[in-house]
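Coordinate-derived values only; no laboratory data. This structure is a prediction, so every number in the text was calculated from the model and none was measured. In this analysis, Cβ positions are derived from the backbone assuming ideal geometry, glycine residues included, and neighbour counts consider all displayed protein chains.
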Amino acid sequence: MVTVLLIDAALAGLLLVVVLRARVAWQQPRARIAWLAAAVGVVALLTQGTVVPLDVLDGALGGTNVLKLVQNVLTMVALWLGVQAGTAPVTASVRTLRWRVPIVLGAVFVVVFFAAMPDRPASSFLFLEEAAATSTGAWFYGVVHMAGIAFVGALLCASAGVSLPRTRVFFRIGAVGIVLGCVSEIVDLTLTRFFAPNAVVSTLFDPLFYLGVVSFVVGIFVASRTTTAIHRRGETLLARVDEVARERGVTVPPGLAADAVAETRLHALRVAIEDAAIATSTPLAGHQRALLDDVDAHLTRQTSGVRS
């Protein structure tokens, strides 16, 4: 019951991200990376069978637990996109990302899944854990896919280091929970296959992994609010700088596109005002200098890791 609640909480959170951030993702190519991570995460969690029955979903794929493979690949891709949302260049988009890591890991998952487990039982939520008791192939696949997801989770933890302070803690806790969950599952599968199952170890994966996912989702919400606040501040500063430019007879620099983003216009006007003050030997008033200092602080703030 607790597992179902955790899965559904993570699913509801990611669905909210997908819905609430859809407009931003449509308008900003950079924001589509985080939005797609959430969307892929939603599909991955739907394969758990808490909303649509597992036998219905897996039955559409033949009823031999191929859904487990799909779930593992989608989870890995969602986490990898989460890494890219925080570390990819500002000019990045989904199309420009380097997809080598998820493609290679996904291919490894597929090859090992079918090679190590040519004969699989009927659809079951605990198919892998049950199969590992008697099948070394099932144990091997479980170790491989958990190690792959743990690897991406470790990258996620490292990428949290460039996040803003308010969001960093959520991303780190989430990534650590995901990694520890994967490690606990590897230990559990190994004990089940080669030694004796441990009831405590067997219960660790779900709370660690899914609480990690929930923490990461909370981080996305906090980051989204931070991004919105940053954008609003930029618009406010732009309006004030526009007013100063008009007062001092400074025009928008030639070559600046009319639809340029607020920060581009803000930087261009800030430089133009400073240059005009020097060229005409008319020093800026105290409040004008203070405004340009605010603009500098806004433009040089740390913005990576916002996952907007």
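Here are a few things to note about the model shown:
- For Gln71, net neighbour charge (Lys/Arg +1, Asp/Glu -1) across residues whose Cβ lies under 15 Å away: -3
- Cβ-Cβ FRET estimate between Glu235 and Val56, R0 fixed at 30 Å, reported to 0.05: 0.05
- FRET efficiency estimate (nearest 0.05) - Cβ-Cβ, Ala133 to Asp275, R0 45 angstrom: 0.05
- Within the listed set Ser93, Ser281, Ser135, the Gaussian network model of the chain (springs between alpha-carbon atoms below 10 Å) gives the highest mean-square fluctuation for Ser281.
- Between 0 and 90 degrees, the angle of helix 205-247 with respect to the longest Cα principal axis of the chain falls at about 10 degrees.
- Full-stretch length increase - Ala122, Ala285 - with 0.36 nm per residue and alpha-carbon distance subtracted: 51.0 nm
- Cα centroid of region 94-128 to Cα centroid of region 281-298, whole Å: 56
- Remark: spin-label model distance Val111-Val43 equals 2.4 nm, labels positioned 7 Å along the Cα→Cβ axis.
- Sum of side-chain charges, Ala199 neighbourhood, beta-carbon under 14 Å (Lys, Arg +1; Asp, Glu -1): -3
- Taking amide H atoms as placed 1.01 Å from N in the peptide plane, the amide H of Val252 has no partner under 5 Å among residues 5 or more positions away or on other chains.
- Rounded, prolate or oblate (a/c below 1.5 giving rounded, otherwise prolate when a/b exceeds b/c) for region 229-299 by Cα gyration tensor: oblate
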